[in-house]
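This report refers to the structure that appears directly beneath it.
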Amino acid sequence: MIETRDVRKNFGALEVLKGVSLRLEKGEIAAIIGPSGSGKSTFLRCLNHLETIDRGRIDIEGENLVATDQAGACRYVRESEVRRICARMGMVFQHFNLFPHMTVLENVIEAPITVKGMRRADILPKAEALLNKVGLWDKRDSYPSHVSGGQKQRAAIARALAMEPDIMLFDEPTSALDPELTGEVLRTMRQLADERMTMLVVTHEMAFAREVANTVVFMDQGEIIESKPAVEFFKNPEHRRTRAFLESML
Ligand code: ADP
Ligand code: MG
């Protein structure tokens, strides 16, 4: 579903991604863990073209998004193709990024109407089903400022799902939440996992990584240090930096 090869990204003189190669299969759930500043968010943002890469290659569902030619020039496919390919990925951010001037329901139906050109009457039944699924139908007419952080994040998940993505990217979806609100968001994500959604999840929730992810990827200083099946990752972390990180999380 996702394949990256030797993805490199600099911000000025700062090398943020130093050659990241990753493969995510259909139905796979991968957790990316690692210290703050290691490039996890940047990597997710490169996948759906919120950032451009400087070198390397990204394929999404077998279609090339960007590749580097022999002369070292990084070439994206044309803009309309970029949009079509990236629309297959839904993204959920740490800080929800809901539209504050729209109700929960309006947040969910906005992109299907403006991006996909769907009619309101056609998206409404689907929005109702999605809001029921994340337990927010009774909050449909509330504005984001009037619901809890956990409810905001569940609304953000429903909004991403309304575009019918094949892959969901999560960037620390519970990090901005009070501890007592993380459970409801993790439960919603677990439900998606049970439905075999392909998911790439940046998280500090080690229990989620251990119990829900198939694969755990440890990133540090712009590189993947270790990537293994979740059970093995926690039982037998090989790299010294992985072990040090896991100990720091206890
Ligand atoms: P993580 O998500 O693992 O905490 P990030 O991808 O957010 O790491 O950041 C990796 C590094 O890139 C950090 O040093 C951060 O300061 C830097 N960085 C991220 N975004 C930008 C940007 N837009 N401009 C300059 N530096 C950035
Ligand atoms: Mg981050």
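Just so you know, all these numbers are worked out from the coordinates, no wet-lab data involved. Just so it is clear, the structure is predicted and the values come from calculations on it, not from any experiment. Backbone-built Cβ (ideal geometry, glycine too); neighbour counts: all protein chains shown.
Helix content alone sets the calculated 222 nm mean residue ellipticity of the chain: runs of n ≥ 4 DSSP H residues at -39500 (n - 2.57) each, divided across all residues, give -11000 deg cm²/dmol. Each principal axis of the Cα atoms in the chain has its own extent, and those three values, largest first, are 49, 45, 32 angstrom.
What is the fewest-to-most order of ASP6, ASP54 by other Cβ atoms lying within 10 Å of their Cβ?
On the way: ASP6 14, ASP54 17.
Arranged by neighbour count, lowest to highest, ASP6, ASP54 become ASP6, ASP54.
Seen against the Cα atoms of the chain and their longest principal axis, helix 120-133 is set at about 70 degrees.
Close Lys pairs in the chain, defined as Cα atoms under 29 Å apart and 8 or more places apart or on different chains, number 27. Any idea how far apart LEU124 and THR52 come out in nm if each label point goes 7 Å out from Cα toward Cβ? Simple spin-label model gives 4.3 nm for this pair. Here's how it looks for ILE224: its modeled amide H is under 5 Å from those of SER21, which are all 5 or more places away or on a different chain. Counting 0.36 nm for each residue step from GLN70 to MET163 and taking away their Cα separation leaves a gain of 29.9 nm. The shape of the range 2-73 can be summarised by an equivalent ellipsoid whose semi-axes, obtained from the alpha carbon gyration tensor, come to 19, 18, 9 Å from longest to shortest. Compared with the dominant Cα axis of the chain, that is its longest principal axis, helix 179-194 is turned about 80°. Both numbers refer to the Cα atoms of the range 169-250; Rg and Dmax are 13.0, 35 Å. In loop segments of the range 184-250 as defined by DSSP, the trypsin sites (Lys or Arg not before Pro) with at most 13 further C-beta atoms inside 10 Å of their C-beta are ARG196. Phi-derived couplings, Karplus 6.51 cos²θ - 1.76 cosθ + 1.60 at θ = phi - 60°, listed residue by residue for the range 29-38: 10, 10, 9, 9, 10, x, x, 4, x, 7 Hz, with x used for Gly and Pro.
Could you estimate the translational diffusion coefficient of the range 99-163 from the Stokes-Einstein equation, with Rh from the Kirkwood formula over C-alpha pairs, at 20 °C and 1.002 mPa s, in whole µm²/s?
Values: Rh = 11.3 Å.
Stokes-Einstein gives a translational diffusion coefficient of 189 µm²/s.
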